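These notes are about the structure you will find just below.
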Amino acid sequence: MANIAIFASGSGSNFEALATSFKGDKKNEVKLLICNKKNAYVIERAKNHNIKCELINYLQDGQLLVEKKVTDIIKHNKIDVIFLAGFMRVLSAKFIKDVGIPIINIHPSLLPKHKGSDAIKKAYDAGDKEIGISIHHVSEEVDGGEIILQESIPLEKEKGLDFIESEVHKLEHLYYPQIAKQICEEINSKRN
Ligand code: GRF
């Protein structure tokens, strides 16, 4: 059994895709959501899936204490893998080392292009001919860890930014659950 934690800060459409795909999975379970925004819609989604949510507060506690608390939560819940899904905070090298489990992120660009926020708009404004997603290991460098999968589609600028954004999100929702399952399989097979 691989126990999963998802970290998210926003609407949580990727959380939804992951939670849905693991529903009824006898070998793996999304055990908790870690969220740093008390009004984020992802919290509602977690409730609908009966997934426990741990709220963290960087403004009140500061990064060091937040990461200490999250490390304790991860260990207490025996979490095996963390998937970041629109988590708008950078995790420290110390946290990555202390939790000692794989941390995976999804980013809506063909890395190393367009790191950081507003990646889809950056690709759109730059006039890129293609656009896509990267699923990668998290390292201390933002959007800089080893890439697991990239998928791309042509960027048809005349269709408008909203359309392009929704096409990129479709790629995310298709591929993130697939890669998440593969990673959980690897964790389970190492145990057997
Ligand atoms: C996604 O585009 C993801 O790639 C990026 O943040 C966005 C989160 O969207 N890291 P959502 O909250 O999952 O809808």
**OP:** Give the residues of the range 1-45 that are within 16 Å of Phe83 (Cα to Cα) and acidic (Asp, Glu), sorted by residue number.
**Re:** Glu16, Glu29
Original post:
List, please: which pairs have Cβ atoms under 8 Å, are six or more places apart or on different chains, and start with a residue in the range 143-155 that is at pLDDT 95 or above and end with one that is among the small types (Gly, Ala, Ser) and assigned to a strand (DSSP E or B)?
Top reply: Ile147/Ser134; Leu149/Ser134; Gln150/Gly132; Gln150/Ser134; Glu151/Gly132; Ser152/Gly132; Ile153/Gly132
Subject >> Any chance Ala85 is among the aliphatic types (A, V, I, L, M) and buried (at least 19 other Cβ atoms within 10 Å of the Cβ) >> reply: yes
Subject >> Given (1) open to solvent by 60 Å² or more (accessible area, probe 1.4 Å); (2) under 20 Å from Ala19 (Cα atoms); (3) in contact with a helix residue (DSSP H, G or I) (Cβ under 9 Å, 6 or more places away or on another chain), number of the condition Glu186 does not satisfy >> reply: (3)
**OP:** Test Glu165 against the criterion of being buried (at least 17 other Cβ atoms within 10 Å of the Cβ), among the charged types (D, E, K, R) and closer than 18 Å to Phe15 by Cβ, and give yes or no.
**Re:** no
**OP:** Working only within the range 121-131, note down all residues that are within 14 Å of the ligand (Cβ to nearest atom) and either in a loop (DSSP other than H, G, I, E, B) or within 16 Å of the chain's Cα centre (by Cα) (or both).
**Re:** none
**OP:** Out of Asn14, Asn3, report the one residue that is at negative phi and assigned to a strand (DSSP E or B).
**Re:** Asn3
**OP:** Pick out the one residue from Lys69, Lys121, Lys94 that is in contact with a Leu (Cβ under 8 Å, 6 or more places away or on another chain), more than 20 Å from Lys181 (Cβ to Cβ), surrounded by fewer than 16 Cβ atoms within 10 Å (Cβ to Cβ) and modelled with pLDDT of 95 or more.
**Re:** Lys121
**OP:** Only residues in the range 20-49 that are open to solvent by 100 Å² or more (accessible area, probe 1.4 Å) count as the first member; pair them with residues that are assigned to a strand (DSSP E or B), Cβ under 8 angstrom, at least 6 apart or cross-chain, and list the lot.
**Re:** Lys27/Ala2; Lys38/Leu55; Lys47/Cys53
Original post:
Are any residues in the range 76-104 touching a residue at least 12 places away in the same chain (Cβ under 8 Å), more than 16 Å from the ligand (Cβ to nearest atom) and outside any loop (DSSP other than H, G, I, E, B), and if so, which ones?
Top reply: Val81, Ala93, Lys94, Phe95, Ile96, Asp98, Val99
Subject >> Candidate set from the range 132-161 (those that are within 14 Å of the ligand (Cβ to nearest atom) and charged (D, E, K, R)); member that is surrounded by the fewest Cβ atoms within 10 Å (Cβ to Cβ) >> reply: Glu151
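The values are calculated or read from the model by the stated rules, or taken from the named source; none is laboratory data. As the structure is a prediction and not an experimental result, all values here were calculated from the model. Neighbour counts run over all protein chains shown; Cβ positions are idealised from the backbone, glycine included. All accessible areas refer to the heavy atoms of the entire protein, side chains included, with ligands and DNA or RNA removed. Shrake-Rupley method; radii C 1.70, N 1.55, O 1.52, S 1.80 Å.
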